[in-house]
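I have placed the structure first, in the form of structure tokens, so that the comments after it can refer back to it.
The values are calculated or read from the model by the stated rules, or taken from the named source; none is laboratory data. Keep in mind that what you see is a predicted model, and the values were worked out from it rather than measured. No Cβ is skipped: glycine too gets one built from the backbone with ideal geometry, and neighbour counts run over all protein chains shown.
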Amino acid sequence: MELFELTIKELHEKLKNRDISSVEVTKSYLERIAATDDKINAFVAVTEKEALRAAEDADKKIAAGNMDILTGIPVALKDIFLTKGIRTTCSSKMLENFIPPYNATAWEKLEKKGAILTGKLNMDEFAMGSSCETSAFGPTKNPWNLNCVPGGSSGGSAAAVAAQQTVATLGTDTGGSIRQPASLCGCIGLKPTYGRVSRYGVIAFASSLDQVGPMANSVEDCAIILGIVAGFDQKDSTSVDIPVPDYEKSLVKDMKGVKIGLPKEYFIDGLDSAVQKAMNEAIAVYKGLGAEFKEVSLPHTDYAAATYYLIATAEASSNLARYDGVRFSHRSGEAESLTEMYCKSRAEGFGEEVKRRIMLGTYALSSGYYDAYYLKAQKVRTLIMQDFIKNFENVDILLTPVTPTPAFKIGEKSNDPLQMYLSDIFTIPVNLAGTCGISVPAGLSRDGLPIGLQLIGKPFGEESIIRGAYAFEQATEWHKGRARL
Ligand code: GLN
């Protein structure tokens, strides 16, 4: 077995027993990246020198008996997390030369536990997209089929995990960006409850929806990473000050007494037949593990995509106003006046999809339209939230597909934004409700592409979805499938 095939716990044990060194593990990953990334383009930058230096330091710590759970273990990060002294681009030309002066809290927490950074991962520009095609650095490809998208926006993260270029990573999820690519690449991705993980130092897209979460090839690794990054942060007023449970205690194999709701609005006619089949089989697996099922209803589901695309674009138009070419970000060399400098810098720095979102959001917030669009969307968001809260009085978790179809072809939806937006219809409501969800491998399509199932939990109910995901993972073989590269 290669070192890059091991889990966090396996790597930790071997490092602790001095069977392997951190330099060896780090080299194993760097070689894996070098051997595979020409094909999939998951990395925007590989921080080889820094990683090897950090690995040498880690080996010294380990030799001195000074070890934490991630000491000497390399990870890569979505290029939306600020990394001090290391270029962070959000896959945008706008931030092509941006070197952050400080770290994102989530990364700082991993680093404190000993993690080593191997590089920054590709994504849709400013996290806007579902296919990783809007990156200024070219699309990432799905390791299972290089003609297909890996999903997005954390497409580089999902592809890197699936291709075993990193044991785990962090993504962000505003409307599905952790769960949808995890599903399309056959790995595990967990979007925590809004407020569970600090967003400090994470480049903002839509601030009332964005959340940070782990992606990995095992539920256990996701639970470990979540346990490290979760918790209150003084630097993020939206992070919530409630204790962080020991998520590893939720790694139990049965589902006795657990009530699972099946929202009828998520099992629709347009669902791909392989996805439907995977859901039916998953339900049978859960029944065998002792779970009880109940059909439930989330009546406002139909309005979720429209609501999301009003709120997310409105917030994005405000958040992205800061990229003016003055304090940082791309500055046009062509301008002759200040106004022209703003206009040209933004016109040159942002890609098509980002511009579309800024225009939609600016329109939705403009006077005369605010009440009709943004305010209305906020009201519908409350109804969607209440749908979930009501259901959680009767069931512990909900089971749904993650996406209506498996991975689609590169280019297939890039000229049709509405079709692209619809690939998130089952993930978006979870962000609007501010609650948590996880994607777990649950099948393969006829063409051998991964299919994920989604478990949705109550706010701050990450333990219940981790349990559900782990029990399923242990009872099935789907998570063991690997893309052949
Ligand atoms: N695909 C969705 C969008 O384009 C969600 C993106 C995300 O979660 N960052 O907005």
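Would you confirm whether any residue within segment 167-174 is β-branched (Val, Ile, Thr), outside any loop (DSSP other than H, G, I, E, B) and within 11 Å of the ligand (Cβ to nearest atom)? Yes: segment 167-174 contains one or more residues that are β-branched (Val, Ile, Thr), outside any loop (DSSP other than H, G, I, E, B) and within 11 Å of the ligand (Cβ to nearest atom). Put simply, of 241, 269 the only residue that is at pLDDT below 95, out of contact with any Leu (no Cβ under 8 Å at 6 or more places or on another chain) and assigned to a loop (DSSP other than H, G, I, E, B) is 269. The condition of being closer than 30 Å to residue 451 by Cα, modelled with pLDDT of 95 or more and among the small types (Gly, Ala, Ser) holds for only one of 349, 411, that being 411.
As a summary of the residue check, residue 233 satisfies the conditions (1) among the acidic types (Asp, Glu); (2) within 20 Å of residue 454 (Cα to Cα); (3) more than 12 Å from the chain's Cα centre (by Cα) except for the one numbered (2). Consider residue 264 carefully, then state whether it is out of contact with any Ser or Thr (no Cβ under 8 Å at 6 or more places or on another chain) and basic (Lys, Arg). Judged against the criteria, residue 264 is not a match. For segment 24-49, the set of residues classified as buried (at least 20 other Cβ atoms within 10 Å of the Cβ), in a helix (DSSP H, G or I), touching a strand residue (DSSP E or B) at 6+ places or on another chain (Cβ under 8 Å) and of a type outside the set (S, T, N, Q) consists of 25, 29, 30, 33, 37, 40, listed by residue number.
Take the residues in segment 171-185 that are under 12 Å from residue 216 (Cβ atoms) and touching a helix residue (DSSP H, G or I) at 6+ places or on another chain (Cβ under 6 Å); name whichever of them is surrounded by the most Cβ atoms within 10 Å (Cβ to Cβ). If we take residues in segment 171-185 being under 12 Å from residue 216 (Cβ atoms) and touching a helix residue (DSSP H, G or I) at 6+ places or on another chain (Cβ under 6 Å), then 182 is surrounded by the most Cβ atoms within 10 Å (Cβ to Cβ). Evaluating residue 206 against the criteria (1) out of contact with any Cys (no Cβ under 7 Å at 6 or more places or on another chain); (2) more than 12 Å from the ligand (Cβ to nearest atom); (3) aliphatic (A, V, I, L, M) leaves one unmet condition, (2). Looking across segment 149-166, the residues that are surrounded by 24 or more Cβ atoms within 10 Å (Cβ to Cβ), polar (S, T, N, Q) and more than 10 Å from the ligand (Cβ to nearest atom) come down to 157, 165, 166. Scanning segment 54-69 for residues that are farther than 15 Å from residue 24 by Cα and either under 26 Å from the mean Cα position of the chain (by Cα) or surrounded by 24 or more Cβ atoms within 10 Å (Cβ to Cβ) (or both) yields 68, 69. Which residues, taken from segment 441-485, are of a type in the set (Ser, Thr, Tyr) and assigned to a helix (DSSP H, G or I)? Within segment 441-485, 464, 470 qualify.
The one condition from (1) within 11 Å of the ligand (Cβ to nearest atom); (2) at positive phi; (3) assigned to a loop (DSSP other than H, G, I, E, B) that residue 177 does not meet is (2). A search for C-beta distances below 7 Å between a residue of segment 461-473 that is small (Gly, Ala, Ser) and any residue that is crowded, with 22+ Cβ neighbours inside 10 Å and in a helix (DSSP H, G or I), counting only pairs 6+ apart in sequence or on different chains, returns 469/219. Checked against the criterion of being acidic (Asp, Glu) and within 16 Å of the ligand (Cβ to nearest atom), the candidates 334, 340, 352, 348 yield just one match: 352. So is residue 129 part of a loop (DSSP other than H, G, I, E, B), without any contact (Cβ under 8 Å) to a residue 40 or more places away in the chain and within 16 Å of the ligand (Cβ to nearest atom) or not? It is false that residue 129 is part of a loop (DSSP other than H, G, I, E, B), without any contact (Cβ under 8 Å) to a residue 40 or more places away in the chain and within 16 Å of the ligand (Cβ to nearest atom).
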